[in-house]
Amino acid sequence: MKALAVALAFLLAQTTYAQSDQAPVKKANVIFLNTSLPDEELYKKVGAYLLSAGYSLDRSDATLRSITTAKRKCPGANCQYVIYASTNEGKIRLSGGFLVPGIDSDLGAIENRGQKTSPFMVSFNALNKVALDLQSDTGGQLQYGIQ
């Protein structure tokens, strides 16, 4: 019985927890947008939206349908963030990383946590704005997850 409990705990630790209501779960670090649109069209919509919103693209791969933005200053906080976007099976996956210049040398994962002006929360709110804007553009359903 103890082995079963340990195995179950291990499996649950490996799974993504997702919530599909409008309020992001605490510590959410990935946002999914489920649509009925083809992947190629979603990939183009994501790229066009990011460019129109003033993001610079660092990398883009049409075969893998993935986009990484260049570092961008966090609004109202001393940090920079990047957004990772990909499309697959009618779903947009958004995540990202942030760093505090002069303190961090590597990007940390964007998560829904911290106080209103913390780099975590400011970068998550910027990522969530992208998701909400893309939701309006695609008519998709948002899901917030922890991976």
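Every residue, every condition in (1) touching a helix residue (DSSP H, G or I) at 6+ places or on another chain (Cβ under 6 Å); (2) buried (at least 19 other Cβ atoms within 10 Å of the Cβ); (3) among the polar types (S, T, N, Q), yes or no:
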site: A62; (1), (2), (3): no, no, no
site: K73; (1), (2), (3): no, no, no
site: Q80; (1), (2), (3): no, yes, yes
site: T87; (1), (2), (3): yes, yes, yes
site: K91; (1), (2), (3): no, no, no
site: L94; (1), (2), (3): yes, yes, no
site: P101; (1), (2), (3): no, no, no
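What number of residues within region 81-96 are within 15 Å of the chain's Cα centre (by Cα) and more than 14 Å from F124 (Cβ to Cβ)?
Selection size over region 81-96: 7.
When you scan region 110-122, do you find a residue that is under 15 Å from the mean Cα position of the chain (by Cα) and of a type in the set (G, A, S), even just one?
no
Take Y49 and tell me if it is under 24 Å from S136 (Cβ atoms) and either touching a residue at least 40 places away in the same chain (Cβ under 8 Å) or more than 12 Å from the chain's Cα centre (by Cα) (or both).
yes
Quick one: count up the residues across region 27-46 that are surrounded by 14 or more Cβ atoms within 10 Å (Cβ to Cβ) and without any contact (Cβ under 8 Å) to a residue 40 or more places away in the chain.
Residues that pass the stated criteria total 1.
Does any residue of region 111-119 turn out to be crowded, with 19+ Cβ neighbours inside 10 Å, under 17 Å from V25 (Cβ atoms) and modelled with pLDDT of 95 or more?
Checked region 111-119: at least one residue is crowded, with 19+ Cβ neighbours inside 10 Å, under 17 Å from V25 (Cβ atoms) and modelled with pLDDT of 95 or more.
What residue, of S105, S95, is among the small types (G, A, S), farther than 13 Å from P119 by Cβ and at pLDDT 95 or above?
S95
What's the number of the condition I83 fails, among (1) under 24 Å from K26 (Cα atoms); (2) without any contact (Cβ under 8 Å) to a residue 24 or more places away in the chain?
Result: I83 passes all but (2).
In this structure, is L127 surrounded by 16 or more Cβ atoms within 10 Å (Cβ to Cβ), aliphatic (A, V, I, L, M) and within 13 Å of the chain's Cα centre (by Cα)?
Yes: the conditions hold for L127.
The values are calculated or read from the model by the stated rules, or taken from the named source; none is laboratory data. Note that the structure is predicted; figures quoted are calculated from it, not measured. Because the Cβ atoms are built from the backbone with ideal geometry, glycine has one as well, and the counts that use them run over all protein chains shown.
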